[in-house]
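The values are calculated or read from the model by the stated rules, or taken from the named source; none is laboratory data. Just so you know, these numbers come straight off a predicted model, no measurement behind them. Positions of Cβ are generated from backbone atoms using ideal geometry, with glycine treated the same way; all protein chains shown enter the neighbour counts. Surface accessibility is based on the protein's heavy atoms, side chains included, excluding ligands, DNA and RNA. Shrake-Rupley method; radii C 1.70, N 1.55, O 1.52, S 1.80 Å.
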Amino acid sequence: MSDNNGKAPREPMPKQEAEKRVKNFNEVALGYTEEQAKKEAERCLQCPKPLCVKGCPVDINIPVFIKLIVEGKYPEAAKKIKEDDILPRMTGRVCPQEDQCEAQCVLGIKHKPIAIGRLERFAADYEAGNSEVEAPAVQAKRNKKVAVVGSGPAGLTVAADCARMGYDVKILEALHKPGGVLAYGIPEFRLPKVIVGREVEALKKMGVELECNVIVGKTITIEQLFEEGYDAIFLGLGAGLPRFLGIEGENLLGIYSANEFLTRINLMKAYKFPEYDTPINIGKKVAVVGGGNVAMDSARSAVRLGAEEVHIIYRRSRQEMPARNEEIENAEEEGVIFDLLVNPIEFIGDEDGWVKSIKMIRMELGEPDDSGRKRPVPIEGSEFIYDVDTVVIAIGQNANPILLDATPEIQKSKWGYIDAESETGKTSMKGVFAGGDIVTGEATVIAAMGAGRKAARAIDDYLKTGKW
Amino acid sequence: MYKILKKEKIGPNLNKFVIEAPLVPKNYQPGQFVVIKVDEVGERIPITIAEADKDKGTITIFVQEVGKTTYKLGELKAGDSISDVVGPLGHPAKVDKIGTVVTIGGGVGTAIVYPETKAFKEAGNYVISIMGFRNKEHVILEEEMRKNSDEFYILTDDGSYGKKGFTTDELQELENAGRKMDLVIAVGPAIMMKKISEMTKGYNVKTIVSLNSTMMDATGMCGGCRVEVGGETKFACVDGPEFDGHKVNFDLLIKRLSTYEKQEKEALDSYNKCKLEE
């Protein structure tokens, strides 16, 4: 295409004003209008050898769907995306496009890359807003049963793909609502829960069964699932065991793991207490330890719950923060204060056991470590006391032990995650596949979906050939 | 939805429920618990399984009315349903033949001690059970415990039933009489478990307690239930709920149990106000 408009500025995302949004949990990014979407889509160069697709973990045919947007064929654009990504309304919102597809966009060399994520979201939202929940076509029944453990992004993808291929699929979810991290982890203001609900509805229309309140490894074991007639099992459990700092005073009252803090808010709706029964404690000054997306989600949730001052405490500098830039900017706009190059070394409590301050130490950056980021080194003698009312620890997660303790046949990696082949998701137990955070450790929604997609193909292969 | 098949008011603010939860009994073992949620807006609370019937697909639980959730539950009748039941959760009790086992239940904690008492008896142990309640009206599971014990003691704080006194008094008498004890299992209010553990540490008798810390998902995901055992942080839901009583930091547990005192009161007050207006 020669009449493209690549040099035009990238269309900005309309957002709720910061002053308004800190008082509600509604979605912050409002999404492109039709006009904006077309304008942005017209910037695409339609490269004959598109690099963006190479940056996508599930190989979405990006130039084709963008072209369909230019032509005003929005539902068709959404369908094109769904050939490779069953949850485009979610990935359009939460994928780190700046590190994936958009990082590869040639426009990015001289100008700003195409806003692929925003266009993806636009097309998928448009389709959802203008049609009933639609179930993709399902192939002829194969009379084989697949159990999917966990209803997060990996599980939903495997369920959809296996159902499409004609298998009988049942999803087993431990919590009382489906969605996994999409339901309990990512806040409403970043991913409205009605979207998650609608995607689950679509799966049910495809014939996928869903049963909540089933903890595989406790309620039913892997072996019992095979006895019940399942032919293959996919494990998409998520990482699930919050990491703490391992320092003095960590069990004082008012100190939360990000998992607990966010689950109380997102899944249990503690922000509507006492209308909802689950409470949460928010002091005047909240400190969130960590620099990833989960830390930003926690800090921004604390702002909305009425904390007067919300701080991010991070031991490296802003440049090393793993959170998406967009989320860091959103947090800053909402008044979150960043305390960088500091690290907690002790929590100090009052006489009733509530946290009242943190003993911190200043850090400086040394040589790069294994992750390639500069290693934070404590500066001797720089300790100081920092007053707080509430602390949220958002420094990542370890593998959940329930299923793995109950199933010694499944080999673990040295970090305690499931040891599964990266191209197939095959574990050391015949008929059992795994993917997502329980294999890789904490990663992204799209990475989990990519792993689910590969596992679904491998499940199909296994069920057709019987070869392991 | 999970149907309540039977509801019985046992005493003031204490109810027994038989609930249809077909998947829970299959793998249930003594010492395990369920998480229940009463309705759409409800919170998730852990409740010990007192009995599980594999054939009928039912569980029996005893629930004391202490906050909004347990009061809401208390108002339901047989035939009503609650929105969620999930389990069995936690590690089962380790039941072996070891000799003389003293099982101590305080209040509603007896519902946890009962299935273990039965299991230890069936494993061939000499079982001495001590049950303590606030008063006569709060007594639960007396017949069940008596039937499964070689020796049986029941006490009330005010002397309205059985002996007057606390479970600790009876335990001290056993010790004073020079009775052999190979294992003590104590479940009840945190303060009771603390006192028993302090005493048995002195007697040098291994003691197992079941911790009732605040839980939400109860699958290891939130860490809200963390307790300190032997100086290490443990999650009561996936590492417990049973721990070596001599190693538990009970003072921390008691403090952490007060985390939502203010909100619990607020929720209960607004609930009671709504009831009055109805």
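Observations
- Residue list for segment A:348-373, restricted to those being in contact (Cβ under 8 Å) with a residue 40 or more places away in the chain and either farther than 18 Å from A:ALA307 by Cβ or not in a strand (DSSP E or B) (or both): A:ILE348, A:GLY349, A:ASP352, A:GLY353, A:MET360, A:MET363, A:LEU365, A:ARG373
- Scanning segment A:317-362 for residues that are surrounded by 18 or more Cβ atoms within 10 Å (Cβ to Cβ), at pLDDT below 95 and more than 21 Å from the chain's Cα centre (by Cα) turns up just one, A:GLY353.
- Of residues in segment B:221-269 being of a type in the set (Ser, Thr, Tyr) and touching a residue at least 40 places away in the same chain (Cβ under 8 Å), the one nearest to B:LYS195 (Cα to Cα): B:THR259
- Strands (runs of 3 or more DSSP E) contained entirely in segment A:168-251, each with at least 3 residues that are at pLDDT below 95: A:240-242
Table: residues versus (1) within 14 Å of chain B (Cβ to nearest Cβ); (2) among the aliphatic types (A, V, I, L, M).
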site	(1), (2)
A:GLY335	no, no
A:LEU340	no, yes
A:ILE348	no, yes
A:VAL355	yes, yes
A:SER371	no, no
A:PHE384	no, no
A:VAL392	yes, yes
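- Wholly within segment A:40-128, helices (runs of 4 or more DSSP H) carrying at least 2 residues that are surrounded by fewer than 22 Cβ atoms within 10 Å (Cβ to Cβ) and under 17 Å from the mean Cα position of the chain (by Cα): none
- Candidate set: segment B:60-85, residues that are in a strand (DSSP E or B) and more than 9 Å from every other protein chain (Cβ to nearest Cβ); chosen: the one modelled with the lowest pLDDT: B:GLN64
- Some residue of segment A:438-456 being modelled with pLDDT under 95, in a loop (DSSP other than H, G, I, E, B) and more than 24 Å from A:ALA239 (Cβ to Cβ): no
- From the options B:GLU173, B:GLU198, B:GLU144, residue that is among the acidic types (Asp, Glu), in a helix (DSSP H, G or I) and in contact (Cβ under 8 Å) with a residue 12 or more places away in the chain: B:GLU144
- The helices (runs of 4 or more DSSP H) located wholly in segment B:220-278 include none with 1 or more residues which are at positive phi and open to solvent by 60 Å² or more (accessible area, probe 1.4 Å).
- Among the conditions (1) open to solvent by less than 60 Å² (accessible area, probe 1.4 Å); (2) modelled with pLDDT under 95; (3) touching a helix residue (DSSP H, G or I) at 6+ places or on another chain (Cβ under 6 Å), the only one that A:ARG373 does not satisfy is (1).
- Exclusive hit being open to solvent by 70 Å² or more (accessible area, probe 1.4 Å), more than 26 Å from the chain's Cα centre (by Cα) and either of a type in the set (A, V, I, L, M) or more than 14 Å from chain B (Cβ to nearest Cβ) (or both), set A:GLU409, A:GLU423: A:GLU409
- Residue that is nearest to A:MET268 (Cα to Cα), among those in segment A:169-202 that are open to solvent by 20 Å² or more (accessible area, probe 1.4 Å), more than 14 Å from chain B (Cβ to nearest Cβ) and touching a helix residue (DSSP H, G or I) at 6+ places or on another chain (Cβ under 7 Å): A:GLU188
- Yes/no for B:GLY57 being at pLDDT below 95 and either within 13 Å of chain A (Cβ to nearest Cβ) or open to solvent by less than 10 Å² (accessible area, probe 1.4 Å) (or both): no
- Any chance B:ILE36 is more than 9 Å from every other protein chain (Cβ to nearest Cβ), open to solvent by less than 30 Å² (accessible area, probe 1.4 Å) and of a type outside the set (Asp, Glu): yes
- Checking A:VAL22, A:VAL28 one by one, the residue that is in contact with an Asp or Glu (Cβ under 7 Å, 6 or more places away or on another chain) and farther than 19 Å from A:ALA123 by Cβ is A:VAL22 and no other.
- Filtering segment B:39-54 to residues that are open to solvent by less than 10 Å² (accessible area, probe 1.4 Å) and either acidic (Asp, Glu) or within 9 Å of chain A (Cβ to nearest Cβ) (or both) leaves only B:GLY42.
- Matching residues in segment A:219-245 - criterion: being more than 8 Å from chain B (Cβ to nearest Cβ), out of contact with any helix residue (DSSP H, G or I) (no Cβ under 8 Å at 6 or more places or on another chain) and not basic (Lys, Arg): A:GLU223, A:LEU225, A:PHE226, A:GLU227, A:GLU228, A:GLY229, A:TYR230, A:LEU245
- Any hit, segment A:134-147, residues being modelled with pLDDT of 95 or more, under 13 Å from A:TYR230 (Cβ atoms), open to solvent by less than 10 Å² (accessible area, probe 1.4 Å) and in a strand (DSSP E or B): yes
- For segment B:251-263, the tally of residues that are facing another protein chain (nearest Cβ under 7 Å) and under 30 Å from B:GLY231 (Cβ atoms) stands at 5.
- Of all residues in segment A:268-306, those satisfying the criterion of being open to solvent by 10 Å² or more (accessible area, probe 1.4 Å), under 20 Å from the mean Cα position of the chain (by Cα) and touching a residue at least 24 places away in the same chain (Cβ under 8 Å) are A:GLY292, A:ASN293, A:VAL294.
- Candidates in segment B:78-114 are the residues that are of a type in the set (Asp, Glu) and closer than 26 Å to A:ASN213 by Cα; of these, the one that is surrounded by the most Cβ atoms within 10 Å (Cβ to Cβ) is B:ASP84.
- Annotation note: of A:VAL388, A:VAL392, A:VAL439, the sole residue that is open to solvent by 10 Å² or more (accessible area, probe 1.4 Å) and of a type in the set (Val, Ile, Thr) is A:VAL439.
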